[in-house]
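Okay, so here's the structure we're looking at.
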Amino acid sequence: MTTNAITVRELTKRFGDKTVVNGIDLSVRRGEIMGFLGPNGSGKTTTIRMMCGLLEPDFGTGTVLGHDIRRERSAIKRKVGYMTQHFSFYDDLTIAENLHFVAGLYAMRPKRQIVKDTLEDLGLASRKDQLAGSLSGGWKQRLALAACIMHKPELLMLDEPTAGVDPKARREFWDDIHELANNGLTVLVSTHYMDEAERCHRIAYLSFGNLVAIGTTKDVVRDAGLTTMIIEGADVPSAARALAGEEGVDQVAYFGATLHVVGSDARALKRSVTRIAAETDCTAVPAKTSLEDVFIQLMNTSRDNTP
Amino acid sequence: MSRFFSLTRLRALLSKESIQMRRDRVTFAMMIGVPLVQLMLFGFAINTDPKELPAALVAPTQDRFTRAMVSALELTGYYRFIAPNATATQAEAMIARGDVAFVVTVPSDFGRRIERNDRAAILIEADATDPSVASGAISTLSTVAGRALQREAGDAAPQQDRGVEIIVHRRYNPEGITQYNIVPGLLGVILQLTMVMMTAMALTREAERGTMENLLSMPATPLEIMLGKVLPYLAVGAIQVVVVLAAAKLMFDVPFIGSLTVVLAGIFVFVLALVILGYLISTVSRTQMQAMQLTFFFFLPSLMLSGFMFPFRGMPQWAQHLGEIFPLTHFLRLIRSVMLKGAEAQTVADSFVALGLFVVLLSVAALFRFRRTLD
Ligand SMILES: Nc1ncnc2c1ncn2[C@@H]1O[C@H](COP(=O)(O)OP(=O)(O)O)[C@@H](O)[C@H]1O
Ligand SMILES: [Mg+2]
């Protein structure tokens, strides 16, 4: 048995003449929670679909739980739980009927008992006869998660599971995910949220179909090699205007009354910031680079590299 | 559990589909209601033997023979002369406008010819745009006219073999379609419309609502998915068949000469071909709208070329060849032969083979077309 739950090499997908996923190499270890990040349209969903056998790659190879992603789709489907980006259970079926349907498709036994237990775990037993279409976003998400772990998969692929869910429900959701991972499940989860990225063991960052960073959040921040400085003072807006386009300055962003200035060339950045801080009567101090700064930088630079 | 087929999975798909079908009340009511409504509309318009149809009389000399003819015609109950003394021009305008269904023209020398024992003729022009309306009225004509004149003329009556010549012009639609052809044909048309469309929309709905992605990510095979969609609609088709056949018998008294078993067997193969065709359509269309358009793209020519609307043998050769590619053509041949002419199974074997061929070819095409992925 391989130690990797997912291994893909040079995975590529084109729609028409547009390359949506461009030669991705990625490994996910068993029992790991891997965060999949990137702006909208960067190819996260497409990559996940290829890995769970829903899309045929145009190029590249890969195995999921030891099965070839092109030839052994049905084996993969039995062992993987996939939660789609948009709710894709039946709105016109009740909660219980949806679960019965899933249990039937996986030929689970004893079916009734499993569905009943799932409903109770979810806290949905009293609402089991409610139509799924009438549930709120948070409950839909819980139903979808419950339905895709009912067959005890070895690998979960969750595509933006927390989009449109309130912070408390998100917190509970992540507690559940960690609980599952502690029991040996591997989880690949795509998200936009920075705080969620920090809850993953490792993250992979996609931009325009390219994998541009991978590792723990610490690794990713360190590998980016960025320098950040904070500007404070009476006339921050003037400083912001003056900094735009200066040598070494890649990003300028307001954080409350302060300004975060980020650049990859540390010496040039410091020179520019010190000079402009002096001119505008502000003070400049070095600060820690955040994950968000890194992502914005990655987005900007990889766009520059895309023809 | 088999990799390719499992009853458990099929049962899950079937039960899901039938719950959805039941919950979609409007569609479900339509599937039962549409056949009934169509049958009543088509059936009554065609099958009633309409009486008291308005008629115009063009008779320059209103002699006793003419009067005898007219009263005899009125006595049949089919004719009501609303313009008993019209000129030819007036009558022409009335039939063109649709004010009258018939124009009866008695030539001015009609009486004289009968008295002289010469050949006499009257002309009846019928508005045959709806041919079945006129057919009852026309079919009674010769006997009525003959008898009336015999009575009136006594000894001077024309001899049997010479008789009164009644010239009938069916206008606007020279071929007449017989009425019984229509109701069995209607069964085929109703089944074709509802079965193909409903099945075509069912799978497309999954794609459109995004549930297809979920379904494909679970271990259901293409065969199971197809059967899960097709079988529930087959059951609905069975209900429709019972409704239409019962109505044909009870409301319209359509003769049923042949074997019920052969008819049902034919219907089964036909409906199977239809639902699989619907399924095939749903594998090539991305939205329900497309599925609907494709259904009609197929439905309209099949209505024209199958022999439902126009007599099949009356069509040009190329159109007949084209007509053979529609299951409806073969079904119509089968059901008309069996129901109306009492044909045995062997006689309609060709139609069975043709329909069976559709089932096999369409299934293979559908399973081939089915996308296991979202590509
Ligand atoms: N079936 C498809 N046909 C054509 N283009 C597609 C299809 N699916 C996705 N795309 C395009 O591929 C790009 C990546 O989409 P996606 O993988 O959904 O990104 P993400 O999940 O990161 O937002 C987008 O530009 C999207 O428009
Ligand atoms: Mg996405």
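Bear in mind these aren't lab numbers, they're just calculated from the coordinates by the rules spelled out. Computed from a prediction, not measured in an experiment: that's the story for all the values here. Methodologically, a virtual Cβ is constructed for each residue, glycine included, from the backbone with ideal geometry; neighbour enumeration extends over all protein chains shown.
Maximal additional length on extending the residue A:265-residue A:86 stretch stands at 60.3 nm, based on 0.36 nm per residue less the C-alpha distance.
Based only on other Cβ atoms within 10 Å, what is the fewest-to-most ordering of A:196, B:115? Please report the intermediate quantities before stating the final value.
Details: A:196 21, B:115 14.
Exposure proxy ranking, most exposed first: B:115, A:196.
Going by neighbour counts of Cβ atoms within 10 Å, the residues B:261, B:199, B:283 line up, fewest first, as B:261, B:283, B:199.
Set the Förster radius R0 to 22 Å, insert the Cβ-Cβ distance between residue B:123 and residue B:310 as r into 1/(1 + (r/R0)^6), and round the FRET efficiency to 0.05. Before the final figure, lay out the partial values.
Numbers: r = 27 Å, r/R0 = 1.23.
Plugging the Cβ-Cβ distance into 1/(1 + (r/R0)^6) gives 0.20.
Dipole orientation for the stretch A:82-205: of the candidates A:180, A:94, A:106, A:106 has the Cα lying most toward the positive pole (charges on Cβ; Lys, Arg +1; Asp, Glu -1). Figure legend: label point modelled 7 angstrom from the Cα of residue A:283 along Cα→Cβ; residues of the stretch A:240-265 with amide N under 19 Å from it are A:240, A:255-261. Measuring between their Cα centroids, the stretch A:102-118 and the stretch A:168-207 lie 26 Å from each other.
Count neighbours as other Cβ atoms within 10 Å of each site's Cβ, and list the GluC sites (Glu not before Pro) in the stretch A:220-307 that are DSSP loop with at most 13 such neighbours. Listed in order of number, the matching sites are A:247. Dividing the summed -39500 (n - 2.57) terms of all DSSP H runs of n ≥ 4 by the residue count of chain A sets its mean residue ellipticity at 222 nm at -11500 deg cm²/dmol. Of interest is the spacing of the C-alpha centroids, which for the stretch A:253-306 and the stretch B:220-250 amounts to 68 Å. For residue A:13, the lysines whose Cα comes closer than 19 Å to its Cα, not counting residues fewer than 8 places off in the same chain, are A:44. Dimensions of the stretch A:66-159 along the principal axes, based on C-alpha atoms and rounded to the nearest Å, stand at 41, 29, 20, largest first. DSSP beta bridges fully contained in the protein assembly as shown are about 55 percent antiparallel. Report the far tail of the P(r) of the protein assembly as shown, meaning the percent of Cα-Cα pairs longer than 31 Å. Here the tail beyond 31 Å accounts for 68 percent of pairs. Just name one of A:26, B:337, B:325: the one whose Cα is farthest towards the positive end of the charge dipole of the protein assembly as shown (beta-carbon charges, Lys/Arg +1, Asp/Glu -1). Farthest towards the positive end: B:337. Note on the stretch A:1-77: the C-alpha convex hull projects to 5.1 nm² when averaged across all orientations.
Here the residues A:262, B:263, ranked from fewest to most Cβ neighbours within 10 Å of their Cβ, fall in the order B:263, A:262. By DSSP, the beta bridges lying fully in chain A are antiparallel in about 65 percent of cases. What angle, in degrees between 0 and 90 and rounded to the nearest 10, separates the Cα long axis of helix A:137-149 from the longest principal axis of the Cα atoms of chain A? Once rounded, one gets 60 degrees. Cross-link candidates for residue A:79: which aspartates and glutamates have Cα within less than 18 Å, leaving aside residues fewer than 8 places away along the same chain? Within the straight-line cut-off, residue A:79 pairs with A:32, A:68, A:154, A:159, B:213.
Both radii are taken from the alpha-carbon atoms of the stretch A:1-148; with Rh as the Kirkwood radius, Rg/Rh is 1.02. Label zone (residue B:24, point 7 Å along Cα-to-C-beta; backbone nitrogen cut-off 11 Å) within the stretch B:271-292: B:288.
Work out how much length residue B:361 to residue B:347 would gain on full extension: take 0.36 nm times their residue separation and subtract the Cα-Cα distance, in nm to one decimal.
Numbers: separation 14, 0.36 × 14 = 5.04 nm, distance 2.35 nm.
Residue separation times 0.36 nm, minus the Cα-Cα distance, leaves 2.7 nm.
For the pair residue B:64 and residue B:250, a Förster radius of 51 Å applied to the C-beta separation gives a FRET efficiency near 0.65, rounded to the nearest 0.05.
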